[in-house]
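Colleague: Let me begin by handing over the structure; questions about it come next.
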Amino acid sequence: MSLRRALPLLVALASLLLASPAALAQPLVVLDPGHGGTDPGAVAASCDVREAPIVLDVGLRLRTALEAAGLRVAMTRETDDFIALSARAAFANSRGANVFVSVHSNSNGGTPATGTETWISNGAGASTLRLATLLQAEMVSAWGLRDRGVKREDFTVLYATTMPAALAELAFTNNCALDATYLSSPTHRQSMAEAQARAILDWLGIEPSGDGILRGVVFEDQGVGTDDMSVRLEGATLRVSPSDRAGVAEGADASWSFTLPVGSYTVEASAAGHLRASRTCDVVAGATTWCSIGLFPSAEPDPDASIASTPDASVAAAPDAALAPADAAPSPDAARTGGDASGATARPVSSDCACRVAAPRSGGGSTALLSLLAVCASIALRKRRPLRARGGARIAALAAIAAIGSLVGCASGDAAAREALGRTSTSDDHARGPTSEAAARPSVGPRLPILEERELVLVGADHEALGHPILAPDARHVLVAPTGFGALYAVDLTDPSRLTPLCASPYCGFEPRFFGEGRVATRTPEQTASAIPGDAYTLEGLASDARLGSGGAMARVEGEDTVLVQLDGATRTLRAGDDRFILAELAPDHRHVVVWGLARGLSIHRLADGARFELGPGTGHPHFDPSGRVLVFDRTSDDGHLLTSGDVYAAELGATIVVRSVLATDRIETSPSISRVDERGEASIAAERDGALVIVRVRFERGSLSD
């Protein structure tokens, strides 16, 4: 090959080499506004509050604040679109993000609860706990609602991401008297975004510079803290230390404000007939910190009530203080309390059944209604039990729901699969590239026959459950990784008790690849999750000198909306249009490219004529078999926090594209991979199944596969 022809390939390959996060200009933060589109999240009709648009607004404001501090920011959604949970996590993983923050608002049944809480996964370590603790403290300081603390649950976006991840529940949507007033206020959404930005910057160790604003109100504490701030103490005097600043809380709102250099300050307030009180708050550059103070009534007048006889010129009534009746709060490090008005701890359950219900697999309107009721009745169970939890209670509940209506997916009937997976396009507005007038519509065949099935429960060295299976071409071994992808094991399927550790470092278990003869490529600690794996091991766990290369043919995502396909010395471009790409993969036989979009799911691009076949929203985790003749993938549905269904499919990439169901049960099955299809048309497919590993042997019709 001439140097001129080889140069584009060398440039493309260089762009895919390992990239160290330390070498980047600034860390990458992925922000995840919850719900959206067909999933409105928690809806409180009585106070006209909807979760999805509120958390999107906070997320957009947070992005502005972080970008102003010089950080790189990517968002899972920027508009009112539905984005599957699996796609959200995969988007962050593919970008090699440094931190992931999901923004939600809460809801509960019964008496409306109040407060702010932050969630991390059950297996999260010290770094993630610190992130959540900082977020919780800043959010409580900003709005002053009840501090419900940091909690643990395996919400999908928390356990399926490779980086420290936290989910923030700002307030309770259905608490119209208090929490909803904050959620509905643009001013308070801005203060919340600034608070979360401070926490993220602090966690990253980035010190902003410049002045900030310290502001608040003075109110009479009725013994219930911020639950009742109706009595404002106009004329209360204030002193700020360490500084010479003093002033008076002015106006009916008893508001005050100081512009101060960055630092930590103690504000002391005093009013006639009340006990003095003080509070320490941090001033952040270019941001407003709320630091309101509540004073208890005293039995006798305080002789030293007047701290400053002359108000500071910089103290002025905050014009929007009336919008913030509950911004006062105990110190961020005050003892955390949980529970609603009755003292019972509330769970993040939508009181208005704001779950996304899919069309039933069969039946008419009555079946759809029963399915809706069943899914809504099961929300509490899904919120309390993580996807990866196993046990008879969850399985029985899912079976009961399936008996009443259905979860999303394809069972024995093919009509649902046709509706979900049968879209095609050759005009390519979604991903422009070489096109042809020839149109081929994918068909949906019967479910693949399962010749053999086995289920394994694998546990790693630290007693963590292992999943994310990648089958070897000969189906004799499978690679598995724990939650967070911080390790990788090779399992001999003739003796599953033999687990061989291959690596234990950040990202090394994310999308490993088999290559050569019994070798495995993994990512080094410095590589992002989107880089070509740079380390190599034998299946016996020995380091290998061989390295995975592209061979001059590859498909990769450039930015968020472009896929570059390098093949035969030429570059083809596919563009996302109104979507954004998570990943792209070129089939081993170079006939097809599969692209995963955030909103639209998977699309298969046939390079010969430019035809494009959409597999539908919710589809993801694609893997080609080593010959490139079969693509396996999953299709999931979720309730905004947890997966509610997951089915596995196989697309036969022959003269026509035929989609067949592989695993479509009442259990949740995701993340498939496939071995080589042998001369009999048989192959093994591995997938996760409710925290376990399932491996099935299937048979394809040989005539349906290309040679």
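The values are calculated or read from the model by the stated rules, or taken from the named source; none is laboratory data. All values reported here derive from a predicted model rather than from experimental measurement. Every residue, glycine as well, gets a Cβ built from its backbone with ideal geometry; the counts of neighbours run over all protein chains shown. These accessible areas exclude ligands, DNA and RNA; they are computed on the full protein's heavy atoms, side chains included. Shrake-Rupley method; radii C 1.70, N 1.55, O 1.52, S 1.80 Å.
Colleague: Quote to one decimal, in nm, the extra length available between ILE450 and GLU78 on full extension: 0.36 nm per residue of separation minus the C-alpha distance between them. Intermediate results must be reported in sequence, preceding the final value.
Modeller: Details: separation 372, 0.36 × 372 = 133.92 nm, distance 4.17 nm.
In short, 129.7 nm is gained.
Colleague: Now a separate question. Heavy atoms only, probe 1.4 angstrom, no DNA, RNA or ligands counted: give me THR116, THR288, THR656 ranked by accessible area, highest first. Kindly include the intermediate steps, with their values, before the conclusion.
Modeller: On the way: THR116 0, THR288 30, THR656 75 Å².
Descending accessible area places them as THR656, THR288, THR116.
Colleague: Starting from the Cα-Cα distance between ARG680 and THR259, subtract it from 0.36 nm times their residue separation and give me the gain in nm to one decimal.
Modeller: Numbers: separation 421, 0.36 × 421 = 151.56 nm, distance 7.64 nm.
Contour length minus Cα-Cα distance gives 143.9 nm.
Colleague: Please report the accessible area of HIS605 (heavy atoms, 1.4 Å probe, ligands and nucleic acids excluded) in Å², nearest 10.
Modeller: 10 Å²
Colleague: Compute the distance in nm between two label points, each set 7 Å from the Cα along the Cα-to-Cβ direction, one at SER243 and one at ALA126.
Modeller: The answer from the label model is 3.5 nm.
Colleague: Give the calculated FRET efficiency between LEU275 and ILE206 to the nearest 0.05, with a Förster radius of 30 Å applied to their Cβ-Cβ distance.
Modeller: Working: r = 39 Å, r/R0 = 1.29.
Efficiency for this residue pair is about 0.20.
Colleague: Ranked highest first by average number of other Cβ atoms within 10 Å, how do 591-601, 177-187 line up?
Modeller: The packing order, highest mean first, is 591-601, 177-187.
Colleague: May I pose another question? Provide the gained length on full extension for the span SER184 to ARG513, in nm with one decimal, where the gain is 0.36 nm per separating residue minus the Cα-Cα distance. Please list the in-between numbers first.
Modeller: Values: separation 329, 0.36 × 329 = 118.44 nm, distance 4.79 nm.
Result for the pair: 113.7 nm of gain on full extension.
Colleague: A further question on this structure: Classify segment 27-102: rounded, prolate or oblate, from the alpha-carbon gyration tensor (a ≥ b ≥ c, eigenvalue square roots; a/c under 1.5 rounded; otherwise prolate if a/b is larger than b/c)? Each step should come with its number before you reach the end.
Modeller: Details: a/c = 3.10, a/b = 1.55, b/c = 2.00.
Judged from the Cα gyration tensor, segment 27-102 comes out oblate (a/c at least 1.5, b/c at or above a/b).
Colleague: Let me ask you something else. Say R0 is 60 Å: what FRET efficiency, to the nearest 0.05, do GLN222 and ALA655 get from their beta-carbon distance?
Modeller: Numbers: r = 76 Å, r/R0 = 1.27.
Calculated value: 0.20.
Colleague: Given a Förster distance of 41 Å, report the FRET efficiency between LEU567 and ALA543 from their Cβ-Cβ distance, rounded to the nearest 0.05.
Modeller: Working: r = 32 Å, r/R0 = 0.77.
Calculated transfer efficiency: 0.85.
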